[in-house]
Amino acid sequence: MGCSSSKNTASQSTAKAGPAGVGNESVAAPASNRTLASETHFSLDEVAALRELFDTLSNSLHHDGLIHQDEFALALFKTQGRSNIFINKVFQVFDIKKNDVIDFEEFVRSLSVFHPRAPLQEKAQLAFRIYDLDNTGWIEPGEIKRFLSALLSDNPAIKLSEEDIDQLVDQTLEEADLAGDGHISLEEWQALVERSPDIIAYMTLPVLKQVTAKYPSFLFKPQTL
Ligand SMILES: [Ca+2]
Ligand SMILES: [Ca+2]
């Protein structure tokens with residue numbers, strides 16, 4: 001638990017910082033390790049370790065020092081060639097500058113939210129953006145269902161009927177939708193997370209605490225969503 005909630009605006013301001021001018025992209029100097037350490041939950045040593053990890057990941061399939069979506073899926077989910085709605089949306093959320101690749105700065109700022117030191121509500125906000133697949137600002141029943149279905153298709157051991165899934169969607173909505181208007185707002189989601197922090201347990205990667213000691217073989221575990 002931390003109290004540095006002011007940090008979570010850093011990534012948003014970065015996203016808006018770049019001028020949209022034609023032929024003027026990538027003129028901004030990349031953030032230094034020191035800047036990234038001061039604006040994220042990582043120490044300077046951890047940022048340096050992440051730089052090495054990033055160099056490996058970003059050259060795994062395309063040798064250009066940027067993480068493309070297929071490299072992202074391979075690195076974080078050990079999967080290749082399979083489109084997964086969850087992976088696609090996490091990639092979009094990591095891609096702060098919305099240019100379809102993840103640079104080192106985006107990598108560090110986004111992973112920072114998964115750090116054990118990051119406050120719960122910072123994690124809740126990022127999780128909300130992942131769940132809000134169509135970026136409407138609400139989590140709708142259809143989105144809950146698509147996520148549950150995607151997760152279940154990744155876990156052949158769990159067999160649920162269409163009705164079972166619908167029932168799970170209804171239960172989730174009933175628990176979260178305090179206003180009773182049929183979808184989940186950010187505030188309702190944050191309240192749900194306060195009541196049941198375990199539902200975003202996957203937003204904390206303990207391995208990030210040992211990033212300087214060993215390369216994390218990060219595995220998001222979508223089945224724990
Ligand atoms: Ca990007
Ligand atoms: Ca939505």
Item to check | Unmet requirement for S11, which otherwise passes all of (1) out of contact with any Lys or Arg (no Cβ under 8 Å at 6 or more places or on another chain); (2) among the polar types (S, T, N, Q); (3) closer than 30 Å to I144 by Cα; (4) modelled with pLDDT under 95 | outcome: (1)
Checklist entry - Which one of these is surrounded by 15 or more Cβ atoms within 10 Å (Cβ to Cβ), more than 16 Å from ligand 2 (Cβ to nearest atom), outside the structural domain of E52 (by TED's automatic domain parsing) and under 17 Å from the mean Cα position of the chain (by Cα): V113, V193, V101, V108? => result V193
Checklist entry - Using beta carbons and a limit of 7 Å, which pairs, at least six apart or on different chains, have the first residue in segment 90-106 and closer than 18 Å to L36 by Cα and the second one part of a helix (DSSP H, G or I) and within 6 Å of ligand 1 (Cβ to nearest atom)? => result F94/E106; D95/E106; I96/E106; K97/E106
Checklist entry - L36 is checked against (1) over 16 Å from I96 (Cα atoms); (2) modelled with pLDDT of 95 or more and fails just one. What number does that condition carry? => result (1)
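The values are calculated or read from the model by the stated rules, or taken from the named source; none is laboratory data. In this text the structure is predicted, and so the values were computed from the model without any measurement. Please note: Cβ atoms are built from the backbone with ideal geometry, for glycine as well, and neighbour counts cover all protein chains shown.
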